[in-house]
Structures are given as structure tokens and as C-alpha cells.
Amino acid sequence: MNAMQDVYTDLAAEAADLDRVVAALDQEGWQTPTPAPGWTVAHQIAHLGFIAHLAWAAAADRAEFGRLAAAAKDDFEGAVSTALADYLTGGPTQTLSRWRADQAAATKALAEVPADQVVPWLVNPLPPSILAAAGLMELFGHGQDIYDALGIDRTPTDRIGHLAFFGTRTRDFGYLAHNLTPPTEEFRFELTAPSGLIWNFGPETAPDRITGPAHDFCLLVTRRRHHADLALTATPGEATRWLDIAQAYRGPAGEGRKPGQFAGV
């Protein structure tokens, strides 16, 4: 993993790639339905803006973060819906402008936090680099919804290494979302980067293992593809079971994607 750029550089680059796509859209394009039920391209960008603003506040304005976190703790879905409505009020131009500002501010603020410190987050405090990796996960997942909606073939890069790492470290989130007890033993993950590098995570002797393309793994843990449509291999038993519940974010799993939903894409 040490061959990759730092997570803040990659977070900015991932945002820039998505920016180039949505900046070219007309009014109709912004209203294109995405695979997330009820969400258009505009909703996806509004959500990313809210999450980026939350990350900025965690790193740079603890009082603002406390206010936002308190509302989210009482009613997370309601807080997200309120934020989306606010971001969408001024139309696509304002939505895009606010996301750009919030994304840039969050990346800068997180990068300026000393690496040995933590920042507050919704459940537990996190190192700034981990929160940046979570932000990259948000960009990857919601960006994939936009690419799918617009029929654009995304070219993966090794920037996803941060998400691959994050996805292995959040293995238990899927169990918790389904009220299951996570196994005590770690998994072994052997993932092939877009460049051909091999990224290994977990004990080499672990009996439960997942192997395959890192890009497919990222699609799995963001629940943007069903595992039946991915070139991932799992050992029989617990690892195979995990493919059905994998997710790299806390909270409800959501509908996910159906087998064959993106056949030919």
C-alpha cells in the first residue's frame, strides 16, 4: 500500500473526476434518476456536499460538528433529508458550487490535522486519514450511482486502495447491520489493484479469505453491485456468507443491487 499517494491527494483527485462529469450536465441531466430509489444525480451530489461539510466541521469547527451530529444522532435519515433539501434549493448550479466548496474545505481541513490526533465522528473519534478514506468511499459509491445513471464506464485507478483497506477494516459493519455476531477470527483479503499490484490484508494463515479484483471488492462493500456479478472468490463458509452482507458503512444496509442489474454495463 505504500506505493499509493496519500489519501488526501487521492480524495481530491476522485472528487475532480466526478466534478468533470457533473459539470458538463444540463438541467435535464441533473434530474436523471440513479439506481438509488428516489435519488437523482442532484440528490447524489447534495448528499456528498452534506457529508463533506460534516467532515470539515469534524476537523475544523467542533461546535458546528456537535450541532450537526446531535441532529443526526436523533434522526439520521431526517437530518440527511433536511440537508438534501437545503442543498437542492438553489438548483444545480448552487448544488454543484456548494459541493465543490465543501469538498475542498473538508480535504484541506483533514490534511491539516496532525496524523497522531483524532477527530470526532458520528460513532467514535477517527484519525483524519481514516475519515478521509471514508470520504473517498462516499465519493466512490455515490459517484458510481451517477456513472451508472448516465451510462458512463468508469475507469478504476489505484486510488481505490484506500477504500479497499477501509472495506477490510470495516468487515463487521455488515454483521452489525443484520443483527449478527461477527466472527472473532480475521479474514484474509488478497486483492488485485487496477495497476496489477497485489494488496494483501489480514493474517496470511486465515482460513477465511476473499480474493479478486480490488475494484470489484470496492463495488461490493459500497453495495453498488451484487456479488454474483463480481469476479470475487470466497472460501466456503463464513467468507462466502459475508459476501451477502458486506458493507463499509454503518447503519441500515439499504436495498443494494440485484443480480444482473447491470449486465452489459
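Quick rundown of the values:
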item	result
Any hit, the range 31-53, residues being open to solvent by 80 Å² or more (accessible area, probe 1.4 Å), under 28 Å from PHE165 (Cα atoms) and part of a helix (DSSP H, G or I)	no
Counted residues, the range 106-129 - those being assigned to a helix (DSSP H, G or I) and touching a helix residue (DSSP H, G or I) at 6+ places or on another chain (Cβ under 7 Å)	7
Residues being small (Gly, Ala, Ser), in a loop (DSSP other than H, G, I, E, B) and surrounded by 15 or more Cβ atoms within 10 Å (Cβ to Cβ) - total across the range 216-252	2
Residue match in the range 169-187 (condition: crowded, with 19+ Cβ neighbours inside 10 Å, among the hydrophobic types (A, V, I, L, M, F, W, C), more than 25 Å from ASP102 (Cα to Cα) and in contact with a Gly (Cβ under 6 Å, 6 or more places away or on another chain))	yes
Restricting the range 230-260 to residues that are of a type outside the set (A, V, I, L, M, F, W, C) and touching a Lys or Arg at 6+ places or on another chain (Cβ under 8 Å), the residue that is modelled with the lowest pLDDT	GLY254
Any hit, the range 133-156, residues being open to solvent by less than 10 Å² (accessible area, probe 1.4 Å) and in a loop (DSSP other than H, G, I, E, B)	no
Given (1) closer than 22 Å to ILE51 by Cα; (2) over 14 Å from the mean Cα position of the chain (by Cα), number of the condition PHE173 does not satisfy	(2)
Residue that is modelled with pLDDT of 95 or more, small (Gly, Ala, Ser) and under 20 Å from ASP17 (Cα atoms), where the choices are GLY143, GLY167	GLY143
Test result for ALA231, over 23 Å from LEU139 (Cα atoms) and touching a strand residue (DSSP E or B) at 6+ places or on another chain (Cβ under 7 Å)	no
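Let's see how each residue does on (1) under 30 Å from GLY260 (Cβ atoms); (2) under 21 Å from the mean Cα position of the chain (by Cα):
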| position | (1), (2) |
| --- | --- |
| GLY29 | yes, no |
| VAL41 | yes, yes |
| ALA46 | yes, yes |
| ALA71 | no, no |
| GLU77 | yes, yes |
| THR89 | no, no |
| GLN94 | no, no |
| LYS108 | no, yes |
| TRP121 | no, yes |
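The values are calculated or read from the model by the stated rules, or taken from the named source; none is laboratory data. Small disclaimer: the values here were computed from a predicted structure and weren't measured. Methodologically, a virtual Cβ is constructed for each residue, glycine included, from the backbone with ideal geometry; neighbour enumeration extends over all protein chains shown. Each accessible area value is taken on the protein alone, full model and side chains, heavy atoms only, with ligands, DNA and RNA left out. Shrake-Rupley method; radii C 1.70, N 1.55, O 1.52, S 1.80 Å.
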